[in-house]
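Okay, so here's the structure we're looking at.
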Amino acid sequence: MTDFSYLHITGVNDLPGYRAAAAFTTKSSEVFKETEEISPRHVSDKVSYMPWGADDQMPYDIINLIESDETLSTCQMFNAEVCYGSGLVYQTDEMCKRNVVNEVEEFFLDNDMASYFLGVCQDFKHFGFAVSVIILNEQGNKVVRVLRKETCYVRFALANKEGVIPQVLYANWRNSVRAEQVEVIPLLNPQSPWTDLQAQVKKGKRKFAVVSRVPTPDSTYYPIPYYASLFKGKWYNIKQLIGVAKEAKLKNSAPIKYHIEIAKSFWSNIFKAESITDRVKQQERVNEEKDNIINFLTGMENSGKVLFSEFYVSPNGEEQHDVVINKIETDKEGGDCFANVGCARQSSSKLDFALAGTTFGLRTSSRR
C-alpha cells in the first residue's frame, strides 16, 4: 500500500436522479495483503534491507488505520499505559555503596527512562516488537546510554546464512532515502545477545541495537500484530461505514444504497499506468474514477439491471476486483450491529472498557 492520505477518497456521492447515495471507503483488509513478491532493497552497494510490506509502507498504513478510529486508538493507548504500569522503578537501599548510588542517579539524569519505557510499550502494542540502542563507555564495561528507536522507522538487514540478522537500518522510510540518511546499527543476536555483545566489544564496537519481540505464531522479519484480524474482518469497515452514513444523512438525508470498498492498490496502479505524479492531478483522477463508478451504478438503475457481480466494471468493460460494490438493503433493519461494533473493537485489542468506566449501548443482564 502507498500513503494516499492527502487524497480525498472516503466520502459520500449522490446518485443522480435518485434519493440515494453511494459511500466510498478504503478496504482495510488490504494492509496485510501482499500481492507482490517482497524482495530486498538496496541502500548502497554494501547495505540492503528487507522492506516492511511490498511497498515498505505497512507500519504507516497500520498507524493510519488505528488513528482513523477513535475507539481503537484509545484502546491502543490504554494498552500501552497498562503495559507501562508504574513505570521503571529502581531501588538503591542502604546496602548500596555511595559510588553505586551516584552512578545510578547520574545514569537516570542522562537518560529519559520514563519516555523510553512508554515509547517501547507503544511499539510493543502497535507492532509486536521494539528496538532499543545501547551505548557503552570507552572501556566497554558499562552502559551509559539507552535510546529507543521508533519501530516504524526501523528496517532489518538481510539475515546471513545462519539466519542471524546482523544490522538494523534507521531512517524516515515514508519518503525516498539516500545512503547518507540511513543510520546502520549492529544488531545483537537475539538468541544470544550477551555472548554476541562480548565478542563485538572485543572488536572495538560500542553502539548496538537490541530487538525485543512479542512471541507470535509466525517468524518473519516483521511480525503481524495480534489485532490484525480486526482489519481483515468486517467490523472495522462496518464502523467506518456507519460514520460515513450518519454524516451523509445529517447533511442531505439521503440513505446510503451502495457501499464501495476500494483497495489502495487500485489507485496506485492507475497512477502508475497513466504516469500521474502530481497530487492535484491525482485527486482529479480519483474524482473522475469515482464519477465512472457512480455512472456505472446509475446506468444499472436506469436499465433495471440487477447487480449480480460484486465488482465494478470499468467503462472499457474490464471487471475491477480491487473495487467491491456492496448493495445495502435499506428496507431491512440493521439488527444489533451498530451496538456490537464497540465490542468487536474491544475484543480485538484485548481491552474491557469497563476498566476505563466506559460502556457501550449493549443490553446486559445481571441474571445468571
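The values are calculated or read from the model by the stated rules, or taken from the named source; none is laboratory data. Not measured: the values here are computed from a predicted model. Counting neighbours? That spans all protein chains shown, and the Cβs are built from the backbone with ideal geometry, glycine included. Quick note on the areas: whole protein, heavy atoms, side chains included, nothing else; ligands and nucleic acids left out. Shrake-Rupley method; radii C 1.70, N 1.55, O 1.52, S 1.80 Å.
Among the residues of region 135-167, write down those that are out of contact with any Lys or Arg (no Cβ under 7 Å at 6 or more places or on another chain) and aliphatic (A, V, I, L, M). Write out each step before concluding.
Residues of region 135-167 out of contact with any Lys or Arg (no Cβ under 7 Å at 6 or more places or on another chain): 137-139, 141-167.
Selection gives VAL143, VAL144, VAL146, LEU147, VAL154, ALA157, LEU158, ALA159, VAL164, ILE165.
State the number of residues belonging to region 207-219 that are of a type outside the set (Val, Ile, Thr) and surrounded by 17 or more Cβ atoms within 10 Å (Cβ to Cβ). Before the answer, list the steps.
Looking only at region 207-219, we keep the residues that are of a type outside the set (Val, Ile, Thr), and these are 207-209, 212-213, 215, 217-219.
Next, from what is left, pick out any that are surrounded by 17 or more Cβ atoms within 10 Å (Cβ to Cβ): 208-209.
Residues flagged as of a type outside the set (Val, Ile, Thr) and surrounded by 17 or more Cβ atoms within 10 Å (Cβ to Cβ) within region 207-219 amount to 2.
Test ASP196 against the stated conditions and say whether it is among the charged types (D, E, K, R) and open to solvent by 70 Å² or more (accessible area, probe 1.4 Å).
Working: among the charged types (D, E, K, R): yes; open to solvent by 70 Å² or more (accessible area, probe 1.4 Å): no.
So ASP196 does not fit the description; no.
Which condition does PHE108 not pass, out of (1) within 30 Å of LEU230 (Cβ to Cβ); (2) open to solvent by less than 70 Å² (accessible area, probe 1.4 Å); (3) of a type outside the set (Ser, Thr, Tyr), if it passes all the others?
The one condition PHE108 does not meet is (1).
Just need a number here: residues in region 302-320 that are over 16 Å from ALA273 (Cβ atoms) and either at pLDDT 70 or above or surrounded by 17 or more Cβ atoms within 10 Å (Cβ to Cβ) (or both).
The initial filter retains those residues of region 302-320 that are over 16 Å from ALA273 (Cβ atoms), namely 302-313, 317, 319.
Adding the requirement that they be either at pLDDT 70 or above or surrounded by 17 or more Cβ atoms within 10 Å (Cβ to Cβ) (or both) leaves 312-313, 319.
Counting residues in region 302-320 that are over 16 Å from ALA273 (Cβ atoms) and either at pLDDT 70 or above or surrounded by 17 or more Cβ atoms within 10 Å (Cβ to Cβ) (or both) gives 3.
Which pairs do you get when a residue that is without any contact (Cβ under 8 Å) to a residue 12 or more places away in the chain, found in region 53-67, comes within reach of a residue that is open to solvent by 30 Å² or more (accessible area, probe 1.4 Å) and not β-branched (Val, Ile, Thr), reach meaning Cβ atoms under 8 angstrom, with the pair 6+ apart or on two chains?
As it stands, the answer is GLU67/SER73, since those pairs meet every condition given.
So which residues in region 80-96 are of a type outside the set (Val, Ile, Thr) and either surrounded by 14 or more Cβ atoms within 10 Å (Cβ to Cβ) or closer than 30 Å to ILE224 by Cα (or both)?
We begin by selecting, within region 80-96, every residue of a type outside the set (Val, Ile, Thr); these are 80-81, 83-88, 90-91, 93-96.
Matches in region 80-96: ALA80, GLU81, CYS83, TYR84, GLY85, SER86, GLY87, LEU88.
Please specify each residue of region 220-235 satisfying the condition of being open to solvent by 40 Å² or more (accessible area, probe 1.4 Å) and within 18 Å of TYR49 (Cβ to Cβ).
Within region 220-235, the first condition is being open to solvent by 40 Å² or more (accessible area, probe 1.4 Å), and the residues that meet it are 220-221, 224, 226, 229, 232, 234-235.
Result: THR220, TYR221.
Would you confirm whether any residue within region 84-94 is assigned to a helix (DSSP H, G or I), out of contact with any Lys or Arg (no Cβ under 8 Å at 6 or more places or on another chain) and at pLDDT below 90? I'd like the intermediate steps shown before the answer.
First, the residues of region 84-94 that are assigned to a helix (DSSP H, G or I): 84.
Still in the list and also out of contact with any Lys or Arg (no Cβ under 8 Å at 6 or more places or on another chain): 84.
Now drop any that are not at pLDDT below 90, which leaves 84.
Scanning region 84-94, I find at least one residue that is assigned to a helix (DSSP H, G or I), out of contact with any Lys or Arg (no Cβ under 8 Å at 6 or more places or on another chain) and at pLDDT below 90, so the answer is yes.
With open to solvent by 70 Å² or more (accessible area, probe 1.4 Å), assigned to a loop (DSSP other than H, G, I, E, B) and either free of Cβ contacts under 8 Å to residues at least 12 places away in the same chain or not aromatic (Phe, Trp, Tyr) (or both) as the only criterion, which of ASN99, ASN141 stands out?
Numbers: ASN99 fails: assigned to a loop (DSSP other than H, G, I, E, B).
Testing whether each residue is open to solvent by 70 Å² or more (accessible area, probe 1.4 Å), assigned to a loop (DSSP other than H, G, I, E, B) and either free of Cβ contacts under 8 Å to residues at least 12 places away in the same chain or not aromatic (Phe, Trp, Tyr) (or both) leaves just ASN141.
Which members of region 261-283 meet the condition of being in a helix (DSSP H, G or I) and either in contact (Cβ under 8 Å) with a residue 12 or more places away in the chain or buried (at least 18 other Cβ atoms within 10 Å of the Cβ) (or both)? Quick ask: steps written out before the conclusion?
Initially, region 261-283 is screened for residues in a helix (DSSP H, G or I), giving 264-273, 279-283.
Passing the criteria: LYS264, SER265, PHE266, TRP267, SER268, ASN269, ILE270, PHE271, ARG279, GLN282, GLN283.
MET58: modelled with pLDDT of 85 or more and of a type outside the set (Ser, Thr, Tyr), yes or no? Walk me through how you get there before you give the answer.
Numbers: modelled with pLDDT of 85 or more: yes; of a type outside the set (Ser, Thr, Tyr): yes.
So MET58 passes the test.
Which number in (1) within 15 Å of GLU183 (Cβ to Cβ); (2) within 19 Å of the chain's Cα centre (by Cα); (3) open to solvent by 30 Å² or more (accessible area, probe 1.4 Å) marks the one condition that ARG155 misses?
That leaves (3) as the condition not met.
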